[in-house]
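Accompanying notes for the structure given below.
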Amino acid sequence: MGSDWSMSMSGTVTRPRLKTPSPAEAAPSAVPPLNSGDRLSRAEFERRYDAHPEIKVAELIEGSVYVGSPVRCTEHAEPHSHLATWATLYCASNRAVRVADNATVRLDNDNVVQPDVLLRMASELGGRCRESEDGYLEGPPELVAEVAASSASYDPHQKLRVHQRSGVQEYIVAQAYERRVDWFALRDGVYEALQPDERGIVKSERFPGLWLKPEAFWEGHLPAMLAILQEGLTSLELGASVAGASDPTPASQ
C-alpha cells in the first residue's frame, strides 16, 4: 500500500483526498492536435497545420488527414532530390514553366496536397495553379511528381483519383519498393499510363522535351538522368516546335 493511504485508529483504511486540478491544468490544450486519420475541413486543417511547426508534411485527402512519417534517405530523400533537380533543370530551360518542391496546394475544400515536386505553367500563359494572397498555391498544377514507399501507399490510389478529378494533367509516382515509375497523362478526364520508348525513356505529353529514364533514376545515376533530359531539350532546339501558345518555350540562349 502506498504512503498516500492512511489507517485510522479503528483500523479502517481511508482513501486520500484527490488533488483538485488548477484552472490551467484543467483547461484543454491551446494547440489542437493534428493526426493521421482526423476528419477536418480545409480551413480547420490549415489552422491546425499552422499551429504545429514541428510537422513538416501533412495533407488533406478527401477530408482525411495524412501526416508524413520520418523520411528514409535511400528510399525517399535521395530520389526526391534527384526528381527536384531534374525538374529544376527543365524549368531553367523553359521560361514559361515554374517548379516547386513540397509546396502546399489547395485543390478544393476537401483536398490540400503537398507534392514532392510540381511543375506549373505561368498564369499569364494559361496555367491554372496560382499563388494566393497568403502564399499558398491554389488550383491544379500541370504536373505532380511523388516518391512513394510502395504501390500500397496512398499516392498511387487516393491521391491519383484526386489529381485526376482536379485536372492535374500529368502525375508521376515513383514507387521505391518496386523500383518502378508510373507516369500518367490525363486524356478525356482519365489517367492513362505513358509507355517508355524502345530505349526505356518516358516522354511528357504536356511538357515537350521533359524526358525520364526510370532505370537511371532508380540506379541513383543523376548524370545519366540529366543527360537524357538534356537530350530531350536538345531535340527541341534541333527543330521540334512547341505546340500551342501556352506550351513551354525554350529560353533564348
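Structure values in brief
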item	result
Output for region 83-99, where each listed residue is surrounded by fewer than 21 Cβ atoms within 10 Å (Cβ to Cβ), touching a residue at least 40 places away in the same chain (Cβ under 8 Å) and under 16 Å from the mean Cα position of the chain (by Cα)	Thr85
Residue that is part of a helix (DSSP H, G or I) and either acidic (Asp, Glu) or touching a Phe, Trp or Tyr at 6+ places or on another chain (Cβ under 8 Å) (or both), where the choices are Tyr49, Tyr90	Tyr90
Residue that is touching an Asp or Glu at 6+ places or on another chain (Cβ under 6 Å) and either surrounded by fewer than 19 Cβ atoms within 10 Å (Cβ to Cβ) or within 26 Å of Asp108 (Cβ to Cβ) (or both), where the choices are Arg180, Arg187, Arg161, Arg206	Arg206
Condition met for Glu170 (touching a Gly at 6+ places or on another chain (Cβ under 9 Å) and closer than 26 Å to Glu75 by Cα)	no
Failed criterion for Pro21 (all others in (1) at pLDDT below 95; (2) over 30 Å from Glu215 (Cβ atoms); (3) outside any loop (DSSP other than H, G, I, E, B); (4) not acidic (Asp, Glu) hold)	(3)
Exclusive hit being outside any helix (DSSP H, G or I) and either under 26 Å from Glu231 (Cα atoms) or not hydroxyl-bearing (Ser, Thr, Tyr) (or both), set Ala145, Ala77, Ala84	Ala145
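The values are calculated or read from the model by the stated rules, or taken from the named source; none is laboratory data. Everything quoted here is computed from the prediction, not taken from an experiment. Cβ coordinates were reconstructed from backbone atoms using ideal geometry, including for glycine residues, and neighbour counts include every protein chain displayed.
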